[in-house]
Amino acid sequence: MRILVIGSGAREHALLLGLSQDPSVSELHVAPGNAGMEALARQHKVQVDDPAAVTELAQELGVDLVVIGPEIPLVAGVADALRAAGIAVFGPNKDAARIEGSKAFAKDVMAAAGVRTAHAEAIAPGAADAEIEAVLDRFGPTWVVKDDGLAAGKGVVVTPDRAAARAHIDAVLAAGNPVLLESFLDGPEVSLFCLVDGETVVPLLPAQDHKRVRDNDEGPNTGGMGAYCPLPWLPADGVQRIVEEVCVPVAKEMVARGCAYSGLLYAGLAWGAEGPAVVEFNCRFGDPETQAVLAMLKTPLATLLNAVATGTLADQPPLEWEDGYALTVVLAAFNYPDSPRTGDVITGAEHASVRHAGTARNADGELVSAGGRVLNVVGTGATLVDARDSAYAVISGIELPGGHYRSDIALPAVEGRISV
Ligand code: GLY
């Protein structure tokens, strides 16, 4: 099978690694890719959110399958264009990608499907000051303010500070996007990725992301600073409950609306007193959870993604997983998540457990930072402690001037501080 992967992050690096281990894969391409993927795939330049350009590239390369990593091309309709050209694609069409692209659409689907989620109210650009203050009055003492445009997980501010909530509302409205205010869902967070092919839903291992930039969940939200899987504190029927109470009803509702889902449905949940409630959906694999989840998958990845793309997921045997745990730690650039500095030389990253994200080569061929989240290290082990030790042993040997990472990924779980 010849495969083209669209994207350039650590998630796509992990996908390429997984695909390269499937004997059915004969050729791997990536567009645009990053410096860590040089040995895995042929790299191509393409405007990833241009449906015609991606389709033309896939046709030129004669690939059998296109795997779309990020949400922006999905929301832009790249999967639609590929399907229209007769090319198998892993990723939902534009209509179905609204589950991530429009928080208001996702709320509507959940209401119709009877799925538990936070109460939400929208504020449109141009709203009067008094209206904004009245909405703020109806929420709190913790305000959850979401940018209802695509923000790749970075457009959410969760704060006990009303002035900070107001400042984020003003910034999002000034950018021309609507705002959603949501009631705060209490309880530990779970990311459950499901392969969805119409009404067929196959869950991967449950994972937990760490979104704040600093240890002890301090500092601003980021795209994710680390993750681990599976979750030792989740009830034994936890995954089954999420599938039955959340993912299957949503998949059925999408079919009923004429926008059947095909691809990866990412349910971001809080496990509260009544069980799982949805914080958000994404229409793609999550980053950095994917790097940990795929490190545990034994089932050949290309065969699986191709089954979703060709509408045959229901015919696949049950997934097989490694025993134990996997953990990802993100190395971020100086000043991330504000205005990350780029161009810093990275040394010590030549290790099989490294997944590249924002990396490039400078004119001298040195590996340099080229984004906010620069790279990840994935550790695995029989216990979470072993997985932590393995990841931190590698990341502590990588040099990036001004770089920073959290030292407490999975620590609350290891110390038994998470209960449901
Ligand atoms: N793990 C956060 C995200 O992928 O959006």
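The values are calculated or read from the model by the stated rules, or taken from the named source; none is laboratory data. On a predicted model such as this, the values are computed, not experimentally measured, just so you know. Cβ sites come from the backbone with ideal geometry, for glycine too, and all protein chains shown count toward neighbours. The protein model used for the area step is the full one, side chains on, heavy atoms only, and it has no ligands, DNA or RNA in it. Shrake-Rupley method; radii C 1.70, N 1.55, O 1.52, S 1.80 Å.
At a glance:
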read-out: Where Gly114 falls short, out of the listed (1) small (Gly, Ala, Ser); (2) at pLDDT below 95; (3) out of contact with any Gly (no Cβ under 9 Å at 6 or more places or on another chain); value: (2)
read-out: Top-ranked residue in the stretch 65-86 [being among the β-branched types (Val, Ile, Thr) and over 21 Å from Ala307 (Cα atoms); ranked as least open to solvent (accessible area, probe 1.4 Å)]; value: Val75
read-out: Total residues in the stretch 404-420, condition crowded, with 20+ Cβ neighbours inside 10 Å and within 16 Å of Val213 (Cβ to Cβ); value: 3
read-out: Leading residue by the ranking (farthest from the ligand (Cβ to nearest atom)) among those in the stretch 182-213 that are hydrophobic (A, V, I, L, M, F, W, C) and modelled with pLDDT under 95; value: Phe184
read-out: From the options Gly176, Gly223, residue that is farther than 18 Å from Thr117 by Cβ, touching a Lys or Arg at 6+ places or on another chain (Cβ under 6 Å) and modelled with pLDDT under 95; value: Gly223
read-out: Selected residue [within 20 Å of Leu231 (Cβ to Cβ), under 23 Å from the mean Cα position of the chain (by Cα), touching a residue at least 60 places away in the same chain (Cβ under 8 Å) and surrounded by 22 or more Cβ atoms within 10 Å (Cβ to Cβ)] from Asn306, Asn376; value: Asn376
read-out: Top-ranked residue in the stretch 214-230 [being touching a Pro at 6+ places or on another chain (Cβ under 7 Å) and open to solvent by 10 Å² or more (accessible area, probe 1.4 Å); ranked as farthest from the ligand (Cβ to nearest atom)]; value: Pro230
read-out: Scan of the stretch 272-289 for residues that are within 16 Å of the ligand (Cβ to nearest atom), open to solvent by 10 Å² or more (accessible area, probe 1.4 Å) and part of a strand (DSSP E or B), ordered by number; value: Val279, Glu280
read-out: Selected residue (criterion: farthest from the chain's Cα centre (by Cα)) from residues of the stretch 86-111 that are in a loop (DSSP other than H, G, I, E, B) and under 16 Å from Pro51 (Cβ atoms); value: Gly86
read-out: Residue count for the stretch 145-176, restricted to those that are in contact with a Pro (Cβ under 7 Å, 6 or more places away or on another chain) and crowded, with 19+ Cβ neighbours inside 10 Å; value: 1
read-out: Residue in the stretch 3-11 that is assigned to a helix (DSSP H, G or I), within 21 Å of the chain's Cα centre (by Cα) and surrounded by fewer than 23 Cβ atoms within 10 Å (Cβ to Cβ) present; value: no
read-out: Members of the stretch 64-85 that are in a helix (DSSP H, G or I) and touching a helix residue (DSSP H, G or I) at 6+ places or on another chain (Cβ under 7 Å); value: Glu71, Pro73, Leu74, Val75, Val78, Asp80, Ala81, Leu82
read-out: Selected residue [in a strand (DSSP E or B), more than 16 Å from the ligand (Cβ to nearest atom), hydrophobic (A, V, I, L, M, F, W, C) and surrounded by 14 or more Cβ atoms within 10 Å (Cβ to Cβ)] from Ala387, Ala360; value: Ala360
read-out: Any chance Ala122 is at pLDDT 95 or above and either more than 19 Å from the chain's Cα centre (by Cα) or closer than 19 Å to Leu269 by Cα (or both); value: no
read-out: Leu367 open to solvent by less than 30 Å² (accessible area, probe 1.4 Å), within 16 Å of His13 (Cβ to Cβ) and in contact (Cβ under 8 Å) with a residue 24 or more places away in the chain; value: yes
read-out: Qualifying residue in the stretch 47-62 (condition: part of a helix (DSSP H, G or I) and within 16 Å of Ala357 (Cα to Cα)); value: no
read-out: Among the residues listed as Ala292, Ala236, the single one being crowded, with 24+ Cβ neighbours inside 10 Å, at negative phi and outside any strand (DSSP E or B); value: Ala292
read-out: Residue within the stretch 53-64 that is more than 23 Å from Gly224 (Cα to Cα), in contact with a Lys or Arg (Cβ under 7 Å, 6 or more places away or on another chain) and buried (at least 24 other Cβ atoms within 10 Å of the Cβ) present; value: no
read-out: Among (1) in contact with a helix residue (DSSP H, G or I) (Cβ under 8 Å, 6 or more places away or on another chain); (2) more than 30 Å from Lys298 (Cβ to Cβ); (3) of a type outside the set (D, E, K, R) - the single one Gly33 does not satisfy; value: (2)
read-out: Which listed residue, of Glu182, Glu189, Glu100, Glu121, is touching a residue at least 24 places away in the same chain (Cβ under 8 Å) and within 30 Å of Ala58 (Cβ to Cβ); value: Glu100
read-out: The one condition in (1) within 16 Å of the ligand (Cβ to nearest atom); (2) of a type in the set (Val, Ile, Thr); (3) farther than 12 Å from Arg116 by Cα that Val248 fails to fulfil; value: (1)
